[in-house]
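These notes are about the structure you will find just below.
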Amino acid sequence: MPLLLAAGALGVSRKRFLVSFGLARTFRYALVAWLADTYGRVVVRVFRQYLAGWSTTIMWIYLGLVVAGILYGLWKFHHQRRQPGLPQGAAAGAK
C-alpha cells in the first residue's frame, strides 16, 4: 500500500509501476524459495532435535500473544469510541 500511494503521488505511470512491482515480487519470492530450498531441511532437523519438546509451549505462548494483541486492539477501539469529541474550535487551535 505505501508503494502504491508513493507511486501515485510521484506520478509514476501504471505500466512502469506494474513492471517494477512485478519484478520486485518475483525477486522476493525467488529469494524466499532459494532460502527454503537451501536451508529448509537444516531448519527442520534443528527444530526436531532441539525444540520438539517445546513445540506445545511455543504454540501456547504464541497463541496467548495473538489473543492479547486482539484484546488490546478491541479495548483501544472501544476506548476511543467512548471519548467525547473535541469542540470544533479546540480542534483548530482557536481561542
With x for Gly and Pro, the residue-by-residue ³J(HN,Hα) of segment 57-67, computed from phi through the Karplus equation 6.51 cos²θ - 1.76 cosθ + 1.60 at θ = phi - 60° and given in whole Hz, is 5, 4, 4, 5, 5, 4, 4, x, 5, 5, 4
Keeping every protein chain in place, order Phe21, Phe27 by accessible area at 1.4 Å, biggest value first, i.e. largest first.
Phe27, Phe21
Roughly how many nanometres apart are two label points built 7 Å out from the Cα toward the Cβ at Ile58 and Thr26?
3.5 nm
Rg/Rh of the chain (Cα atoms, Kirkwood Rh), to two decimals, equals 1.22
Taking 0.36 nm per residue of separation and subtracting the Cα-Cα distance, what length does fully extending Val43 through Val67 add?
5.9 nm
About its Cα centre, how strong a charge dipole does the chain have in debye, to the nearest 20, once Lys and Arg get +1 and Asp and Glu get -1 at the Cβ?
240 debye
Can you tell me the length gained on complete extension of the stretch Leu18 to Leu4, counting 0.36 nm per residue apart and subtracting the Cα distance?
4.1 nm
In terms of the charge dipole of the chain, which places +1 on Lys and Arg and -1 on Asp and Glu at the beta carbon, the residue among Val32, Leu3, Ser13 farthest towards the positive end is Ser13
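The values are calculated or read from the model by the stated rules, or taken from the named source; none is laboratory data. The shown structure was predicted, so the numbers you read here are calculated from the model rather than taken from an experiment. Using ideal geometry, Cβ is built from the backbone for each residue, glycine included, and neighbour counts are taken over all protein chains shown. These accessible areas exclude ligands, DNA and RNA; they are computed on the full protein's heavy atoms, side chains included. Shrake-Rupley method; radii C 1.70, N 1.55, O 1.52, S 1.80 Å.
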